[in-house]
Amino acid sequence: MRSERAMLVLAVAVVGAAGLAPMLAVLAESVRVGGQFGLAHYGVLVRSTRQWQLLGHSVLLASLVAGMATTIGLPLGVLMAKTDLPLRGTLAALFTFPFLLPPYVVAVGWFQVFGRGGIVGDWLGPAVAERTHAILFGLSGTALVLASCLMPVVMLLTMLFVRTVPPRLEEAARLAAPWGATFIRVTIPLILPGVLLGALIVFLLALGEFAVPMFLRYDVYSVDSFTRFAALYQPAVAAAASVPLGLIALLLVALERLFLRDRTYEIRFAASAPDVLTAPLGRARFVLLGVVLLLGAVGVALPLGSLAIRSAAPGVYPEAFARGWDALVRSLGYAAAGATLLTVIGFALGYLIQRRALSIWRAVDSLTILLFVLPSTVVGIGLIALWNRPTLGAVYGTAWLVLVGYVAQYTAVTSRATVAGLSAIPRAAEEAARLAGAGWFRRVALIVAPLASRSLCAAWIVAYLLCVRDTGLTMMIYPPGGDTLPVRTFTLMANGAPPLIAALCVMMIAAAVIPLGVIGLVFGDLRPGRQRAKAAW
Amino acid sequence: MTMRLEPGERVALLGPSGCGKTTVLRLVAGFVAPDHGLVRIGDEVVAIDGRIVVPPERRGVGMVFQDLALWPHLSVHGNLAFGLRSQGVSKPEIERRIHEMLEMVGLGTFADAKPTRLSGGEQQRVALARALVLRPHVLLMDEPLSSVDERLNRQLRGEIVRLQMELGFTLLYVTHRADEAADVAERVAQMDRSGGLGGAVTI
């Protein structure tokens, strides 16, 4: 018992130090005026018309992105998880792909298509390119790019939640109504918490995103607070400016928690129930396939393919490797180390949340979720405010701070994956080991972890992908000379030649493709395409 | 396997776990098609040789599932109204039929309650009412009393028989308990582990 408690307390302490303490540091920094307590920074912000305007822009952008991502992601998720649409496994992977990349890579891809000197300009002339360029830069283009990058969140959560709907509930509806009414009145209301969670995550991720708005020149709040910190070096004002974004995230996560609590149904599964009912699309099958293929071609293949086309010039890749190889290696190293750390901490927290249903662990769970959706500028400013002290030089300005940042921002992913994995393991398996005299470490190492190994592998891979694509947080805390490929590319974007930037983006895509292959191997038999069709009416 | 039920008859399908009793109900409901053979309801062939001819919602069949499958996001009223609305029944008629059915199963005051707030016995009654409010010709019951205690089990057996006699539907009742089968049914069909599904099921 003692070793169990020590391990679990340590995990909570790590998350507290990495995540909660920086948040408190941001608050402390924001109320420090000339070494004294004061609210002058907030006063400046509240009186500034521009700040309110930027906040309005951010909320408008995030709302548009969340709306578009939900409008497309919900039907796509239902199509992928509940129907006999051909190629749905491949299509789900295709639509997920942009989420695995830093969003600005997709923005660069769209720029290569619709920007001045882009592919559209080459084909249709500069007058048309001028028009598409004007659409791409500004609110519309920023919203479209972010929606295409973040839509997979809603699609994947829809797919996940759809598979938790007990088939009997749909069968009971099918006795009285066709599939359409069954979806609208039974399936979708039951998965609504998952869809809303997806929309909320998209809203908050879009709210905190600054690389894409900066590239596509749409002024938003997060860009301003980042600029105040990185360019103008006004840490206290930047800290105060980041607080409203943190408060919005806190408020929305609290609301979501309340909503989910009320809508979490106790669902009884019959032992013999099939996993997922499949709705046949009938004659509409190939029409819908055409529509989805078109969406995938335009929304994913076109912007990413354009990067490959633009970078296919002599001498570009040797230069890209010369300029970015060290950063690429660091990216992979940081991501692998971060994912490993996150998997260990996430496992300990997930164990607490799943096996010890105490309110304190629920609070830890809520904290990790909040940190996940918190804008990276807020987390970054908090980490610097906390760790930038002479006595903490062993961490500040080293790769360790990057790892601390990853733990702060991404623990929710690995702890949630652990919770999902543990919920499928009967408690009796662990209890039997305990009766046999095994201590906690032995039980976890020999019984629980092997049984949850699949979830832990999935958690590691997802954490790796999130770390390898991270731009905003890493940009704020990387050690001198220790930048990653997304940061290096973003820095070069201001002055680098478009083919070089495209080649660096392709290198980033490759860094995501390799683990994607591993995901395919691990989850091969869970893909929707391999789900057995359980019924055929 | 060949099985024939007469209109208004109460038949119990009795057999050990895993012998295919539930599969027979799912064949009749239209959730699966027989690989070979046919299912007929009245004069109509509803499934034949791996093909569903009539989908579940057009068979006039009601079902009470083993796990009840009440929709947790809808009230008792919502659970009963779903099928009636889907079938285009007018609003006043929906209200009248729901009121009548809830009175019949003794849940007249529970219309606004969520199923998760009800006791096991009350949930059983809601599931029964939801199936019967559509006035099915055939009611399929898949071990509906398996999760209630012995006292309630015996009480509900009597209520099922009373409702069947009052409303006159054909009942196909699956159970693995011989005493339950004897109490509920007029005729008991025994299935063993080798029971295949090669012939015709006519109701």
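A short reminder: the numbers here are calculations on the coordinates, not readings from a lab. Since this is a predicted model, take the numbers as computed values, not measurements. When we count neighbours, we look across all protein chains shown, and the Cβ atoms used for this are built from the backbone with ideal geometry, even at glycine.
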When the Kirkwood hydrodynamic radius is evaluated over all pairs of different C-alpha atoms of segment A:400-455, what value in angstrom, to one decimal, is obtained? 12.7 Å
So for segment A:70-222, what are the equivalent ellipsoid semi-axes in whole Å, largest first, each being the square root of 5 times an eigenvalue of the Cα gyration tensor? 36, 17, 12
Give the angle, between 0 and 90 degrees and rounded to the nearest 10, that separates the Cα long axis of helix B:150-167 from the longest principal axis of the Cα atoms of chain B. 90 degrees
Relative contact order for segment B:49-203: what is it in percent, counting Cα pairs under 8 Å that are at least 6 residues apart? 27 percent
What is the sum of charges around A:Arg434, taking Lys and Arg as +1, Asp and Glu as -1, for the other residues whose C-beta is under 14 Å from the C-beta of A:Arg434? +1
If R0 = 60 Å, then A:Val44 and A:Ala297, at their Cβ-Cβ distance, give a FRET efficiency to the nearest 0.05 of 0.80
Three semi-axes of the equivalent ellipsoid, segment A:315-380, Cα gyration tensor, whole Å, largest first: 37, 15, 7
Taking the Cα atoms only, what angle lies between the long axis of helix B:76-86 and the longest principal axis of chain B, rounded to 10 degrees? 60 degrees
With the protein assembly as shown reduced to its Cα atoms and the Debye formula applied, log10 I(q)/I(0) at q = 0.06, 0.07, 0.08 1/Å amounts to -0.45, -0.60, -0.76
So if I take the centroid of the Cα atoms in segment A:92-141 and the same for segment A:201-239, what is the distance between those two points in Å? 22 Å
Using 12 Å as the cut-off for backbone N distance, which residues of segment A:476-501 belong to the label zone defined by a point 7 Å from the Cα of A:Thr391 along Cα→Cβ? none
Tell me the Kirkwood hydrodynamic radius of segment A:355-421 in angstroms, computed as one over the mean inverse distance between distinct C-alpha pairs. 13.2 Å
Provide a whole-number value for the mean count of partner chain Cβ atoms within 10 Å of the Cβ atoms in peptide A:184-191. 3
Using Cα atoms only, what is the angle between the long axis of helix B:120-132 and the major principal axis of chain B, expressed in degrees (0 to 90) to the nearest 10? 70 degrees
Other residues with Cβ under 13 Å from the Cβ of A:Leu139 give, with Lys and Arg +1 and Asp and Glu -1, a net charge of 0
For the residue pair A:Leu60 and B:Glu150, what label-to-label distance in nm results when each label sits 7 Å from Cα along the Cα-to-beta-carbon direction? 7.2 nm
The correct pair for segment B:5-124, radius of gyration to one decimal and Dmax as a whole number, both in Å and from Cα atoms, is 16.8, 47
Compactness index (Cα Rg / 2.2 N^0.38 Å), segment B:21-78: 1.30
In the neighbourhood of A:Val506 defined by beta carbon distances under 15 Å, the net charge of the other residues (Lys, Arg +1; Asp, Glu -1) is +3
Hey, if you drop one equal point scatterer on each alpha-carbon of segment A:390-432 and run the Debye formula without solvent, what base-10 log of I(q)/I(0) do you get at q = 0.21, 0.26, 0.28 Å⁻¹? -0.72, -0.87, -0.92
Per the Kirkwood definition applied to all pairs of different Cα atoms, how many angstroms is the hydrodynamic radius of segment A:279-394? 20.1 Å
Between B:Ser119 and B:Leu167, what FRET efficiency follows from the Cβ-Cβ distance if R0 is 25 Å, with the result rounded to 0.05? 0.55
Hey, can you grab everything whose amide H is under 5 Å from the amide H of B:Val188? Only 5+ residues off in sequence or another chain; H modelled, so Pro and N-termini drop out. B:Ala12
Over chain A, relative contact order from alpha-carbon pairs under 8 Å, at least 6 apart, %: 24 percent
Please report, to two decimal places, log10 I(q)/I(0) for segment A:155-218 at q = 0.12, 0.23, 0.26, 0.29 Å⁻¹ as given by the Debye formula with identical point scatterers on the Cα atoms and no solvent. -0.45, -0.91, -1.04, -1.14
Residue-normalised 222 nm signal for the protein assembly as shown, counting each DSSP H run of n ≥ 4 as -39,500 (n - 2.57), nearest 500 deg cm²/dmol, is -20000 deg cm²/dmol
For segment A:390-526, what size does the Cα cloud have along each of its three principal axes, sorted from largest down, in whole Å? 65, 47, 17
Specify, per residue and in Å³, the volume enclosed by the convex hull of the alpha carbon atoms belonging to segment A:1-89. 193 Å³
What is the Cα coordinate range of chain B on the first, second and third principal axes, sorted by size from largest, in whole angstrom? 46, 39, 29
